[in-house]
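S.K.: Provided herewith is a single structure, encoded as structure tokens, for subsequent inquiry.
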Amino acid sequence: MKIAIIGSGHVGMAVFRGLQDLSGVQEIVLCGRDAKSPKMLAEIEDYLDAQVLRVAVPVKLSCGGYDKTAGADIIIFCAGTTPALNQTRLDLVKDNVAVVNAVFGEINKYNREAIIICLSNPVDIITAAVRAITGRSRLKVIGTGTLLDTARMRKKISALLDLAPTEVNMFVLGEHGNSSCPIWSSLRILGLTLDEYMAEETGTVTQVKTAKLTDIMRYTGKFIHAGKGHTAYGVAESACRIVSAIINDTHEFFPLSVVCEGEYGIAGFAISVPCLIGREGILAIKNIRMQADEKAMFNQSAAILRKIAQDTGLV
């Protein structure tokens, strides 16, 4: 499988590295506006040096202009500006939508079939913008969305309970950002809800401060950004996880950003909802039950994204 990456910044290069460990990836091409970018050429040469010393089967690596996306099965979009410390993801809308229009205006000349995975922020708006300019099926334009938010929440809960993260299953839905919505009623540990599991462990009713955990989850990205100036590895691994599910046709449910067409009462803009992933991209979008307070929080998140999508001309 051939994969093209658009963007050679911190996130793009983290994706570039992660994809080399996935079975089924035969070729990775790093694409940019400048086909002979010294940075891209240097990155490729550096990785080719590393390949000589690796035990794994080498992957074909190259770089070039947008014409190199021709024949790619998957395009991963990481280009655009990142927020300053005093900005949110939503502050980037105007600039990064302009980048989408410029980049995919070119890519459309060479590739009209690939599944597109969007990482650039604000990822929900960018996902809708990519779908609009490419004209692809919405099921082939996927934002990493709240897959990372969900991972962060699972990390915090598993640390609190001294469990492996794999033992904590739940969904965080809505906007990838300050209005992301943990669906606590979806959480299961050994088939038990959080309250049931705590009662089993402690022998008494124990209230977990879910609001505090939600705040910590939402702050994690800001904490990383404040310390190192950007985030990269978590979202890059999210993209690699989606790619692996596509290559291996695993039929897994992930909370991902997709343009909705009636699901959850939403139409015309992208938001994270449970998506079944396989070889063709999104195979199905599923409704899950939410408690009244969860539904209200999700609707509030959707209202924020709807307003931005309307202001941007995407709805």
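S.K.: Sort out for me the Cα centre separation of segment 225-301 from segment 97-114, rounded to whole Å.
M.R.: 22
S.K.: Step by step: find N for the chain, compute 2.2 N^0.38 Å, then divide the Cα radius of gyration by it. What's the final number?
M.R.: 1.00
S.K.: Further question on the same structure: Taking the dipole about the Cα centre of segment 2-143, with the C-beta of Lys and Arg at +1 and of Asp and Glu at -1, give me whichever of Gly12, Cys118, Ala50 is farthest to the positive side.
M.R.: Value computed over the given set: Cys118.
S.K.: If you place +1 on the Cβ of every Lys and Arg and -1 on the Cβ of every Asp and Glu, how big does the dipole about the Cα centre of segment 125-268 come out, in debye to the nearest 20?
M.R.: 640
S.K.: Among Thr146, Leu41, Leu61, flag the residue with its Cα farthest along the positive direction of the charge dipole of segment 1-159, charges on Cβ as +1 for Lys/Arg and -1 for Asp/Glu.
M.R.: So the residue we want is Thr146.
S.K.: Report the equivalent ellipsoid semi-axes for segment 167-285 in whole Å, largest first, defined as the square roots of five times the eigenvalues of the gyration tensor built from alpha carbon atoms.
M.R.: 27, 20, 16
S.K.: For the chain, what does the relative contact order come out to in percent, with C-alpha contacts under 8 Å and a separation of six or more?
M.R.: 18
S.K.: Given the options Ser186, Ala199, Ala211, identify the residue whose Cα lies farthest towards the positive end of the charge dipole of segment 179-218 (+1 on Cβ of Lys, Arg; -1 on Cβ of Asp, Glu).
M.R.: About the Cα centre, the residue reaching furthest to the positive side is Ala211.
S.K.: Something else about it: Run the helix sum for the chain: -39,500 (n - 2.57) per DSSP H stretch of 4+ residues, divided by residue count, reported at 222 nm to the nearest 500 deg cm²/dmol.
M.R.: Helix-only estimate at 222 nm: -13500 deg cm²/dmol.
S.K.: Which order do peptides 137-144, 247-254 fall in by mean Cβ count within 10 Å, highest first?
M.R.: 137-144, 247-254
S.K.: When only alpha-carbon atoms count, how far does segment 85-162 stretch along each of its three principal axes, as whole angstroms with the largest first?
M.R.: 51, 31, 15
S.K.: Tell me, Arg131, Arg54, Arg188 in order of fewest to most beta-carbon neighbours within 10 Å?
M.R.: Ordered by Cβ neighbours within 10 Å, fewest first: Arg54, Arg188, Arg131.
S.K.: Place a +1 charge on the Cβ of each Lys and Arg in the chain and a -1 charge on the Cβ of each Asp and Glu, then give the dipole magnitude about the Cα centre in debye, rounded to the nearest 20.
M.R.: Roughly 520 debye, rounded to the nearest 20.
S.K.: If you place +1 on the Cβ of every Lys and Arg and -1 on the Cβ of every Asp and Glu, how big does the dipole about the Cα centre of segment 2-143 come out, in debye to the nearest 20?
M.R.: Dipole about the Cα centre, nearest 20: 400 debye.
S.K.: Starting with the highest mean, order 60-71, 190-201, 263-274 by the number of other Cβ atoms within 10 Å, averaged over the residues of each peptide.
M.R.: Descending packing order for the listed peptides: 263-274, 60-71, 190-201.
S.K.: With an 8 Å Cα cut-off and a minimum separation of 6 or more residues, compute the relative contact order for segment 2-143 in percent.
M.R.: 24
Since every read-out is calculated from the coordinates, none of them should be taken as a lab result. Quick caveat: nothing in here was measured; it's all calculated off a predicted structure. Backbone-built Cβ (ideal geometry, glycine too); neighbour counts: all protein chains shown.
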